[in-house]
Amino acid sequence: SAKIDLHDNGSLYLNSGGGTALTLDTSQNATFAGNVGINMTAGTVSTEIKGRSSDGKSLRLWDNGGTDILDLYNDGTNAYINTTHSGGAGNPLIIQTNSITALTLDTSQNSTFAGNVTLSGSTSPQLFLNSNTAGIPGYSLITNAGGNEFVIGRTGVSNDFTLNSGNATFAGDVTLNG
């Protein structure tokens, strides 16, 4: 049977199935005894949230002023983390571990990593440095390109520099100053 109990300590208890399902204490804290489903039936994890059907947003967090927003959602193809500001200015997305910033993505889409960036998972990991300026090519850094090679090249141009087994090859002139 279900019942509502207002305890002498000022807490409100909602009981169901012979136990307390929800406790609201005098500090307005809510404690659930089981799983919580928001916009859905509770499943097998502590908290599950189903998004709105109109835009698929699963979780939206607002600041106290109601101007800064963090959305977490999946559109069925991709998962998104999005920050917005109701005034249109936008906010950077900062990812921290142990309260220390590891990655900052600013509103111009620039990325700042606080530590090392490691390329792995491939026999030929690649790093592409793309230019946003017309007429200036992007650069590629390819390691282990054909065995034991380190290559620097420009997009759409042959390799400018290759280091293979201690031998260096340059695609153009080499000028030594000093």
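Just so it is clear, none of the values below were taken in a lab; they were calculated from the coordinates. If you're wondering where the values come from, they're calculated on a predicted model, not measured in any experiment. Every residue, glycine among them, receives a Cβ derived from its backbone with ideal geometry; neighbour counts consider all protein chains shown.
Here the 3J(HN,Hα) profile of region 62-68, calculated from phi with Karplus coefficients 6.51, -1.76 and 1.60 at θ = phi - 60°, is 10, 7, 4, x, x, 10, 9 Hz, Gly and Pro shown as x. For region 9-20, putting each phi into the Karplus relation 6.51 cos²θ - 1.76 cosθ + 1.60 with θ = phi - 60° gives couplings of 7, x, 7, 9, 10, 10, 10, 8, x, x, x, 7 Hz, in residue order, rounded to whole numbers and with x for Gly and Pro. If R0 equals 41 Å, the separation of the Cβ atoms of Ala171 and His85 corresponds to a calculated FRET efficiency of about 0.30.
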